[in-house]
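Have a look at the structure below, then the notes.
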Amino acid sequence: MVKIKICGLRRLEDVEMVNRHKPDYIGFVFADSKRKVSHEFAAHMKDNLSSDIISVGVFVDAEIDEIVELFGDGVIDIAQLHGSESEDYIRNLKERTDYKLKIINAIEMSDELDLLEYDNSIADYLLLDSGKGSGKTFDWSLIRDDLDKEFFLAGGIDVSNVGEAIRKFNPYAIDLSSSLETDGFKDESKIRAIMEVVN
C-alpha cells in the first residue's frame with residue numbers, strides 16, 4: 001500500500017496529530033521556509049513522536065556536517081535533498097553515516113528533464129515535485145512508467161486528486177504539506193480526511 005509523508009511539522013500539536021493518525025513519515029524542514037524549525041525544537045518534537053513514524057529532514061544545499069549531526073543525534077532518520085546536491089555530495093553523506101542514512105533526492109519536474117538519468121543515482125528514493133514546496137501540481141504526464149527508483153509524489157496533492165495519483169502512478173509514497181493546512185498550520189480534519197481516502 002502507498003505510504004504517506006506529512007511534511008512541515010513545526011508545533012507539538014502537529015506531532016500529537018500525526019501520532020493519532022499514523023502517517024508513515026513526517027518531515028522537519030531545516031531549509032529557509034516559513035516551516036523551518038531549529039535543531040533543538042526538532043529534537044524536542046522527535047522525542048514526542050511515535051516510534052513507528054519515520055522522521056525526514058528537509059535540506060537545501062546544507063553543510064554535510066549539519067545533516068550528519070542531526071542523524072547522529074537521532075533527530076532524523078532520512079535526509080531529503082532539495083537543492084543542487086551532486087552524486088558526490090550524496091555519496092559523501094552516505095559514507096559519513098556508514099551508509100545507514102537513507103536519501104530522498106527531490107527532482108523539480110519539467111519538460112526538459114529525463115528522469116531515466118536518475119536510475120543509477122546513489123539516492124534511495126526520488127521525490128517528484130513542481131518545486132521546493134510550491135504546493136502546485138506539475139504535469140503528471142512527465143512521470144515515466146519505467147522508472148527503476150521508487151518515488152515520493154509531491155505538489156498540490158489533496159483529497160480531490162490523491163486517489164487518481166495513486167491509481168495512475170502507484171508511487172512509493174505521497175508527500176503532503178500545504179494541502180493539510182488551514183491558515184498556515186496543520187489541520188487535523190484535513191489530515192484525517194486524507195488518511196481515510198488513502199487507507
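Values in this text are rule-based calculations from the coordinates and carry no lab data. Given the structure is predicted, the values throughout are model-derived calculations rather than measurements. Cβ atoms come from the backbone with ideal geometry, glycine included; neighbour counts cover every protein chain shown.
Please give every one of the aspartates and glutamates within straight-line cross-link reach of Lys149, meaning a C-alpha to C-alpha distance under 14 Å, and leave out same-chain neighbours fewer than 8 residues apart.
The reachable aspartates and glutamates, counting only those whose Cα sits under 14 Å from Lys149, are Asp114, Glu117, Asp119, Asp124.
P(r) for the stretch 128-180: what percent of alpha-carbon pairs falls in each 10 Å bin, starting at zero?
Bin by bin from 0 Å, the calculated values are 26, 61, 13, 0.
Under the definition of Cα pairs under 8 Å and six or more residues apart, what whole-number percent is the relative contact order of the chain?
Computed over the chain, the figure is 18 percent.
At 7 Å along the Cα-to-beta-carbon direction for both Leu12 and Glu69, put a label point, then send me their distance in nm to one decimal.
It is 2.4 nm.
Please work out the FRET efficiency for the pair Asp111 and Ser51, using the Cβ-Cβ distance as r and a Förster radius of 45 Å; give the result to the nearest 0.05.
For R0 = 45 Å, the calculated efficiency reads 0.60.
Quickly estimate the mean residue ellipticity at 222 nm for the chain, helices only: each DSSP H run with n ≥ 4 gives -39500 (n - 2.57), and the total goes over all residues, rounded to 500.
-8500 deg cm²/dmol
Using a simple spin-label model with points 7 Å from Cα along the Cα→Cβ vector, what separation in nm is obtained for Met1 and Glu95?
Reported label-point gap for Met1 and Glu95 is 4.1 nm.
Only four residue types carry charge here, +1 at the Cβ of Lys and Arg and -1 at the Cβ of Asp and Glu. Report the dipole size of the stretch 3-198 about the Cα centre in Debye, rounded to the nearest 20. Could you put the intermediate results ahead of the total?
Details: 24 positive and 41 negative charges, 155 e Å.
Here the stretch 3-198 has a charge dipole of around 740 debye.
Grab the stretch 29-142 and count how many Lys pairs have their alpha-carbon atoms under 17 Å apart, sequence gap of 8 or more, or different chains.
5
Which percent, nearest 5, of DSSP beta bridges in the chain are antiparallel?
5 percent
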